[in-house]
Amino acid sequence: MTNKLYKLMNWPAIEEIIYSEASNPHALLGPHTVGNNTLFQAFFPGAQRVQIQFVENMTEKDMEMADEDGFFALLVSGKKTGGYRYIVTMPDGNVEIRQDAYRHKPLITPEDEEAFAHGVHYTIYEKLGAHPMTLSGEEGVYFAVWAPGAVRVSTVGDFNHWDGRMHQMRRLPSGIFEIFIPDAKAGDNYKYELKLKGGLTYLKADPYGNAAQLRPETASVVADLRAFTWEDEGWLKARKSCQKPEAPMSVYELYLGSFTEPSEDSEYANYREIAPKVIAYVKDMGYTHVELMPVMEHPFDGSWGYQVIGYYAPTARYGSPADFMYFVNALHKAGIGVILDWVPAHFPRDTYGLSNFDGTCLYEHFDPRQGAHPHWGTLIYNYGRAEVKNYLIANALFWVEKFHADGLRMDAVASMLYLDYGKNDGEWVANIYGGNENLEAIEFIKHVNSILKKRNPGVLSIAEESTAWPMITGELDKGGLGFDIKWNMGWMNDYLRYIRFDPYFRSHHHSELTFSMIYTYSENFMLVFSHDEVVHGKASMIGKMPGDTEQKFAGLRLSYAYMMTHPGKKLLFMGQDIAEFDEWNESRQVEWELLQYPAHKGVRELVKELNHLYRTQPALYELDNRPDGFEWLNCIAANECYLTFLRKGRKRENALLVAANFSGAAMKLQVGVPYAGSYKEILNTDAVKFGGTGVVNGRAKKAAAKEWDDKPYSININLAPLSVSILSYIPDAGGETKKKQDGKTGTSSAKQGRKKKEAAKA
């Protein structure tokens with residue numbers, strides 16, 4: 001090495017790079033102006049020879065070996081050298097062409113860092129993670145990761161033999177490490193190698209990675225999210241009106257891995273294979289939306305996706321990110337909304353994931369009383385740390401803005417709201433006021449819901465919350481948490497507890513049927529029979545029904561009809577609408593073969609008709625969240641085990657009468673009604689086509705001026721055991737409803753009618 005070049009060497013900094021402890025390798029490696037010359041320095045561990053090839057004239061110059069571990073240098077006259085690349089000869093004689101990863105300035109700006117540090121960089125996922133791009137005419141991938149506790153971070157992968165010495169990243173003041181690697185490309189596997197104080201080195205998957213290897217492999221995969229062309233503009237424009245509170249919403253919850261069998265030689269069906277089958281079924285059945293159990297990458301099949309490792313990556317089980325985009329796009333084109341389960345409440349301890357990410361409790365609390373769920377074995381996010389909040393808030397926006405999700409169902413909200421959730425005394429730490437409310441999580445939830453509504457009006461935020469925490473769906477400026485919908489766990493638990501009793505004993509538990517109407521209008525509710533109710537020994541939906549087989553099917557039909565007519569949006573888990581006897585598990589598909597049996601087919605036909613009835617009858621959805629949309633006719637017939645009530649729309653003529661017989665005996669029922677006119681049965685769960693015995697009310701029932709149930713009129717109907725009858729109100733021509741609409745007397749309406757007849761005769 002020449003003396004001049006030797007004097008230009010920063011030997012302590014070179015040693016840091018050789019020993020893989022450099023926090024700013026860009027300050028040394030790559031081209032740097034020295035007076036009127038340019039100093040090139042490069043580190044290729046183990047290389048025997050390195051040449052620089054200048055692209056402009058294709059000349060090659062040998063670099064001098066400054067250190068036998070593979071550090072090379074070359075001083076070139078002139079400040080502008082143009083394009084270049086390295087020709088690297090390895091000990092085995094192989095020659096590799098390498099681009100320089102250290103010639104570029106950081107793409108993350110001080111403004112990016114400041115916003116991230118304050119938790120308000122809502123598109124931080126466009127900066128952190130792995131992003132294929134063209135930079136200064138070079139194709140490559142930009143990598144960035146937040147790891148402030150690490151001494152050094154390197155990107156390792158298919159493009160550098162997984163050698164952490166080769167692509168050591170530049171540390172920015174925020175603790176973000178970044179590098180642009182020209183030799184990397186979409187499809188490459190990669191991880192981050194972190195070196196901690198004390199010398200411990202380990203590998204971590206990318207917290208912001210957009211794809212991952214199929215388990216049990218654990219590497220992240222470079223993905224290009226720009227490659228897909230969306231065609232769902234029409235749906236996105238109409239979404240706000242389709243998802244308003246006054247619109248019908250019937251959701252089909254599904255686990256993608258169990259909906260259909262894959263093609264030969266595949267463990268799972270691809271998103272593109274699943275899409276047309278889901279569309280065909282959901283459209284035929286009349287559901288408005290699907291809700292997908294978590295599609296984010298997760299290591300353990302048995303978690304059903306609820307223990308997420310890759311928050312920014314659709315699971316590789318069913319294909320690539322582009323494949324999942326195709327799935328959502330196809331459903332949108334078919335007019336079907338897509339809701340995603342989202343899990344910000346906890347994350348697993350897997351060593352390649354977020355736990356102890358940079359050698360510190362970066363994403364979780366240090367104190368296990370704050371940072372761990374004892375009964376789940378998972379870790380809790382530190383919602384008080386701005387960068388962690390930013391990670392989660394940006395993630396919610398990511399699925400909406402990059403994958404066009406129409407809503408997010410936030411899992412396990414109760415575990416976030418309460419510091420002592422699932423914990424015994426001594427296992428939790430009170431807040432600053434001595435209470436059990438998680439103040440930091442509350443502010444995080446409000447922040448998510450606020451920015452979601454601001455940036456994406458019409459997108460739904462749904463809470464799975466199982467306690468009586470007030471104002472879950474309350475407006476943010478009035479002290480609420482800002483969710484659009486809350487799962488009605490109270491109704492679900494009460495109803496399932498009630499329906500398990502033999503009809504003989506139900507009279508003692510009548511209040512469990514009616515109690516829900518005490519609080520129905522305290523929140524904007526969704527009624528759910530979800531996957532959680534058909535696992536872990538809880539029995540399938542039909543398995544919860546008492547009695548013989550015929551009674552079980554009748555009870556199930558009754559349950560679905562009662563759910564559809566009770567105020568609230570609706571959700572059923574797959575397999576429930578065909579009356580599967582077996583509990584669900586993730587390793588088998590829906591038992592579609594059951595549809596060859598009339599009883600199972602009948603249940604499906606009932607759910608189908610209920611969905612279509614629900615979507616076409618304004619009384620079942622228009623005033624869902626208003627008390628004037630519901631009226632008890634008789635809710636006190638505990639001994640007889642029946643209920644009668646009205647569902648109302650904005651127009652009186654849209655009213656529906658519902659009579660539900662929860663007893664094991666047939667009954668001839670006199671029902672008090674508030675309006676004169678007729679009542680025509682439009683659905684009966686005991687109809688033969690649904691698998692019933694055929695006890696229906698074929699003719700319209702004319703209301704008699706006979707007071708009953710404190711109403712001025714009444715009708716008589718027949719009800720089979722364990723059945724529901726839904727009747728549509730038909731006003732008398734020229735009756736009270738017509739008067740009200742016209743704002744005129746009945747006489748004037750009659751006169752108008754005579755004038756029309758006379759005109760017709762003339």
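The values are calculated or read from the model by the stated rules, or taken from the named source; none is laboratory data. All figures in this text were calculated on a predicted structure; none of them were measured in a lab. In this analysis, Cβ positions are derived from the backbone assuming ideal geometry, glycine residues included, and neighbour counts consider all displayed protein chains.
The table for this structure:
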| quantity | calculated |
| --- | --- |
| Selection status of LYS570, within 23 Å of TYR281 (Cα to Cα) and in a helix (DSSP H, G or I) | no |
| Filter result for the condition that a residue is surrounded by fewer than 22 Cβ atoms within 10 Å (Cβ to Cβ) and either among the hydrophobic types (A, V, I, L, M, F, W, C) or outside any strand (DSSP E or B) (or both), over LEU657, LEU633 | LEU633 |
| Test: residue in the range 295-314 that is more than 13 Å from the chain's Cα centre (by Cα), assigned to a loop (DSSP other than H, G, I, E, B), over 23 Å from TYR208 (Cα atoms) and not charged (D, E, K, R) | no |
| Test result for ILE274, of a type in the set (A, V, I, L, M, F, W, C), under 26 Å from LYS191 (Cβ atoms) and touching a residue at least 12 places away in the same chain (Cβ under 8 Å) | no |
| The listed residue being more than 28 Å from HIS131 (Cβ to Cβ) and either surrounded by fewer than 19 Cβ atoms within 10 Å (Cβ to Cβ) or among the aliphatic types (A, V, I, L, M) (or both), out of ASP411, ASP420, ASP350 | ASP420 |
| Selection within the range 363-382 - in contact with a Pro (Cβ under 9 Å, 6 or more places away or on another chain) and either part of a strand (DSSP E or B) or buried (at least 22 other Cβ atoms within 10 Å of the Cβ) (or both) | TYR363, THR378, LEU379, TYR381 |
| Matching strands (runs of 3 or more DSSP E) fully within the range 16-69 where at least 2 residues are farther than 23 Å from ASN94 by Cα | 30-34, 37-43 |
| When residues of the range 81-135 are limited to those that are acidic (Asp, Glu) and within 30 Å of LEU362 (Cα to Cα), the one surrounded by the most Cβ atoms within 10 Å (Cβ to Cβ) | ASP112 |
| Top-ranked residue in the range 34-54 [being among the β-branched types (Val, Ile, Thr) and over 51 Å from the mean Cα position of the chain (by Cα); ranked as nearest to PHE72 (Cα to Cα)] | THR38 |
| Unique residue being over 22 Å from ASP477 (Cα atoms) and modelled with pLDDT under 95 when the list is ASN424, ASN431 | ASN424 |
| Number of the condition not met by LYS538 [criteria: (1) within 29 Å of ASN639 (Cβ to Cβ); (2) surrounded by fewer than 16 Cβ atoms within 10 Å (Cβ to Cβ)] | (1) |
| Single residue of the range 202-223 satisfying the filter (assigned to a strand (DSSP E or B) and modelled with pLDDT of 95 or more) that is nearest to PRO299 (Cα to Cα) | ALA212 |
| Residue count, the range 639-668 (criterion: in contact with a strand residue (DSSP E or B) (Cβ under 8 Å, 6 or more places away or on another chain) and closer than 18 Å to GLU681 by Cα) | 20 |
| Qualifying positions in the range 713-728 - surrounded by 20 or more Cβ atoms within 10 Å (Cβ to Cβ) and among the small types (Gly, Ala, Ser) | ALA720, SER723, SER725 |
| Extreme residue, farthest from LEU527 (Cα to Cα), among residues of the range 395-418 that are aliphatic (A, V, I, L, M) and touching a Leu at 6+ places or on another chain (Cβ under 9 Å) | LEU397 |
| Count - residues of the range 643-687 that are of a type in the set (Gly, Ala, Ser) and in contact with a Ser or Thr (Cβ under 7 Å, 6 or more places away or on another chain) | 2 |
| Residue match in the range 442-458 (condition: more than 18 Å from GLY119 (Cβ to Cβ), touching a Gly at 6+ places or on another chain (Cβ under 9 Å) and either of a type in the set (Asp, Glu) or at pLDDT 95 or above (or both)) | no |
| Among residues of the range 145-169, those that are under 34 Å from the mean Cα position of the chain (by Cα) and either of a type outside the set (Ser, Thr, Tyr) or not assigned by TED's automatic domain parsing to the domain that holds ALA219 (or both), counted | 13 |
| Residues within the range 590-606 that are outside any helix (DSSP H, G or I) and not hydrophobic (A, V, I, L, M, F, W, C), tallied | 2 |
| Qualifying residue in the range 562-581 (condition: of a type outside the set (S, T, N, Q), in contact (Cβ under 8 Å) with a residue 24 or more places away in the chain, farther than 24 Å from LEU683 by Cα and out of contact with any Phe, Trp or Tyr (no Cβ under 8 Å at 6 or more places or on another chain)) | yes |
| Matching option when the condition is closer than 20 Å to ILE462 by Cβ, assigned to a strand (DSSP E or B) and not assigned by TED's automatic domain parsing to the domain that holds ARG650, among VAL290, VAL278 | VAL290 |
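Per-residue answers, yes or no, for (1) of a type outside the set (Phe, Trp, Tyr); (2) on the phi < 0 side of the Ramachandran plot; (3) assigned to a loop (DSSP other than H, G, I, E, B):
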position: GLY93; (1), (2), (3): yes, no, yes
position: PRO106; (1), (2), (3): yes, yes, yes
position: GLU114; (1), (2), (3): yes, yes, no
position: VAL153; (1), (2), (3): yes, yes, no
position: ASN160; (1), (2), (3): yes, yes, yes
position: PHE177; (1), (2), (3): no, yes, no
position: GLY187; (1), (2), (3): yes, no, yes
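For (1) assigned to a loop (DSSP other than H, G, I, E, B); (2) more than 30 Å from MET545 (Cα to Cα); (3) in contact with a Pro (Cβ under 7 Å, 6 or more places away or on another chain), each residue gets a yes or a no:
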{"residue": "LEU623", "(1), (2), (3)": "yes, yes, no"}
{"residue": "GLY664", "(1), (2), (3)": "yes, no, yes"}
{"residue": "ASP686", "(1), (2), (3)": "yes, no, no"}
{"residue": "GLY692", "(1), (2), (3)": "yes, no, no"}
{"residue": "VAL696", "(1), (2), (3)": "yes, no, no"}
{"residue": "SER714", "(1), (2), (3)": "no, yes, no"}
{"residue": "ILE717", "(1), (2), (3)": "no, no, no"}
{"residue": "SER725", "(1), (2), (3)": "no, no, no"}
